[in-house]
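Below: the structure, in structure tokens.
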Amino acid sequence: MEVYEGKAKRIIPLDDGKVVMEFKDDATAFDGGKKARFRGKGWLNAQISAYLFKVLERNEIKTHFIGVAGDNRLIVEKLRMYPVEVVVRNVVAGSLKKRLPLEEGTELREPIVELYYKDDTLHDPMINRYHARVLGISEEEIREMERIALRVNEILREYFKEKGIILVDFKLEFGKNERGEIVLGDEISPDTCRFWDAETGRSLDKDVFRFDKGDLVKAYEELYERLTGSSLS
Ligand code: 5GP
């Protein structure tokens with residue numbers, strides 16, 4: 001059996017068209033330049049991802065999520081993944097500051113969608129539809145991924161707003177299933193999104209690790225509790 005080991009997850013194919021996605025406690029940032037391990041992070045990301053996939057499924061978004069399989073593991077549908085990251089932004093943060101003359105925290109008048117080519121040796125460069133076409137991804141496929149990403153943004157932005165949390169930006173990955181449908185894959189967790197407490201602007205995501213803003217596990221636990229309404233203690 002071929003096991004794919006990524007930086008934060010392990011992907012274990014089963015022989016029935018399903019895949020086990022195992023979330024690790026490892027964290028990396030800045031192209032692998034910063035590394036650490038946080039006990040409990042894998043569990044939190046698996047549970048938060050599962051919760052958010054269920055929210056999206058209830059809102060008619062097709063995702064690869066099938067079920068939770070023990071502590072750090074989700075069972076998901078096997079997809080042929082596109083080598084593309086789709087980023088949606090509502091508020092200026094992170095790498096957008098290098099692109100637009102706007103200050104961190106500025107709310108965008110409309111969401112921005114960006115495409116990145118997933119390739120470590122090239123450091124995940126930003127690409128456009130023309131680059132995607134050369135990579136063998138059609139205009140229709142890109143348009144469909146962008147459409148779903150913007151719909152996911154509408155759903156989750158509103159969902160988090162009700163919990164007093166700002167969905168600043170996030171990254172999605174898509175794949176094609178055996179029926180040829182474009183389906184949301186990978187994870188949706190504080191590793192792949194920016195969440196700010198609406199009152200204080202405090203980060204409840206991986207920026208806590210990237211920029212040494214405090215206790216990562218505490219921040220992820222707070223996000224889990226506010227999202228699910230259930231207490232971990
Ligand atoms: P930025 O481009 O500002 O670094 O990232 C924008 C958003 O996408 C952030 O929420 C960030 O967590 C997410 N993101 C972008 N690229 C990656 C990636 O390669 N890995 C992870 N985990 N998240 C990413």
| remark: Expected max-MSF residue from Leu14, Leu223, Leu122 in the GNM of the chain (alpha carbon, under 10 Å) is Leu122
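What's the magnitude of the charge dipole for the range 27-108 around its Cα centre, counting Lys and Arg as +1 and Asp and Glu as -1 at the beta-carbon? Answer in Debye, nearest 20.
On the way: 15 positive and 9 negative charges, 74 e Å.
Roughly 360 debye for the range 27-108.
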| Build a GNM of the chain with springs between Cα atoms under 10 Å: which of Val134, Val208, Val113 gets the top mean-square fluctuation? | Val134
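Please identify the chymotrypsin sites (Phe, Trp or Tyr not before Pro) of the range 160-233 that satisfy two criteria: DSSP loop assignment and at most 16 other Cβ atoms within 10 Å. Which are they?
Numbers: sites: Phe160, Phe170, Phe174, Phe195, Trp196, Phe209, Phe211, Tyr220, Tyr224; in loops: Phe211.
Those that pass, being in a loop and sparsely packed, are Phe211.
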| said: With the cut-off at 1.5 for a/c, could you classify the range 95-233 from its C-alpha gyration tensor as rounded, prolate or oblate? | reply: prolate
| query | On average, how much accessible surface per residue is there in the chain, in Å², for a 1.4 Å probe, leaving out ligands, DNA and RNA? | reply | 53 Å²
| note | The percentage of the accessible area of the chain (probe 1.4 Å, all protein chains present) made up of carbon and sulfur atoms, to the nearest whole number, is 48 percent
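How high is the relative contact order of the chain, given as a whole-number percent (alpha carbon pairs under 8 Å, six or more residues apart)?
18 percent
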| Is the chain best put as rounded, prolate or oblate by its Cα gyration tensor, with a ≥ b ≥ c the root eigenvalues, rounded for a/c under 1.5, and otherwise prolate when a/b is larger than b/c, oblate when not? | rounded
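Under the rule a/c < 1.5 gives rounded, and otherwise a/b versus b/c splits prolate from oblate, where does the range 1-57 land using the Cα gyration tensor?
oblate
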| Projected label distance in nm at Glu178 and Ile112, using a 7 Å step from Cα toward the beta-carbon | 4.1 nm
| task | Among the trypsin sites (Lys or Arg not before Pro) in the range 48-107, which ones are in a DSSP loop with at most 14 other Cβ atoms within 10 Å of the Cβ? Mind listing them? | result | Arg99
| the range 75-116: mean projected area of Cα convex hull, nm² | 4.3 nm²
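The values are calculated or read from the model by the stated rules, or taken from the named source; none is laboratory data. Only a predicted model underlies this, so the values are computations on that prediction, with no experimental measurement involved. Positions of Cβ are generated from backbone atoms using ideal geometry, with glycine treated the same way; all protein chains shown enter the neighbour counts. For the accessible areas, the whole protein counts, side chains as well, though only heavy atoms, and no ligand, DNA or RNA atoms are used. Shrake-Rupley method; radii C 1.70, N 1.55, O 1.52, S 1.80 Å.
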